[in-house]
Amino acid sequence: MEKVKMTQEDKTYFKNGVKTLCGTELIVVIKVINDPDIKKIFTQDNLDFMNKELGRQAGAVFARILRAFKKRDFKEAQRVLTGGRSE
């Protein structure tokens with residue numbers, strides 16, 4: 001099977017899309033990207049790029065959750081985790 005090579009446009013689109021993910025969506029995307037069957041589709045360079053961007057977003061989400069907990073703003077923490085959805 002030929003591996004998918006991401007263009008610079010694809011990478012920019014992915015990077016901008018990752019910035020919009022809430023905590024729950026981020027966990028799902030990380031699981032999908034690192035699925036053994038999916039890993040066969042992308043080049044290692046692209047997998048490294050995607051995991052780097054997902055890791056950055058995970059750090060940002062974690063920091064926002066910690067700030068919300070520090071302020072005892074549990075509604076904000078839930079919003080960061082769920083993207084504003086109650087369930």
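Longest exposed-loop-site-free stretch of the chain, with trypsin sites (Lys or Arg not before Pro), DSSP loop and at most 14 other Cβ within 10 Å?
Segment 41-70 is the longest.
Using a cut-off of 18 Å between alpha-carbon atoms, which aspartates and glutamates can reach Lys52, once sequence neighbours fewer than 8 places away in the same chain are excluded?
Of all the aspartates and glutamates, those that pass the test against Lys52 - Cα under 18 Å, at least 8 places apart if same chain - are Glu9, Asp10, Glu25, Asp35.
Accessible area per residue for the chain in Å², computed with a 1.4 Å probe and the full protein assembly in place, what is it?
So the chain comes to 74 Å² accessible per residue, rounded to a whole number.
For Leu66, Leu47, write out the residues from largest to smallest accessible area, computed with a 1.4 angstrom probe and no ligands counted.
Largest accessible area first, the residues go Leu66, Leu47.
Using modelled amide H (1.01 Å from N, peptide plane; none on Pro or chain starts), what sits under 5 Å from the amide H of Phe42, excluding residues fewer than 5 places away?
For Phe42, whose amide H was placed from the backbone, the distant partners under 5 Å are Val4.
How would Val61, Val29 line up by accessible area, probe 1.4 Å, largest first?
Largest to smallest exposure gives the sequence Val29, Val61.
Let me spell out the model: positive unit charges on the Cβ of Lys and Arg, negative unit charges on the Cβ of Asp and Glu, origin at the Cα centre of the range 42-87. What dipole size does that give, in debye rounded to 20?
Using Cβ point charges on Lys, Arg, Asp and Glu, the range 42-87 gives about 460 debye.
Taking the Cα centre as origin and putting +1 on Lys and Arg beta-carbons and -1 on Asp and Glu beta-carbons, what dipole magnitude results for the chain, to the nearest 20 debye?
540
Could you please state how large a percent of the accessible area of the chain is carbon and sulfur, counting protein chains only and using a 1.4 Å probe?
57
The values are calculated or read from the model by the stated rules, or taken from the named source; none is laboratory data. The model shown is predicted, which means the values in this text are computed figures rather than measured ones. We place every Cβ from the backbone using ideal geometry, glycine too, and count neighbours over all the protein chains shown. The accessibility values were calculated without ligands, DNA or RNA, using every heavy atom of the protein model including side chains. Shrake-Rupley method; radii C 1.70, N 1.55, O 1.52, S 1.80 Å.
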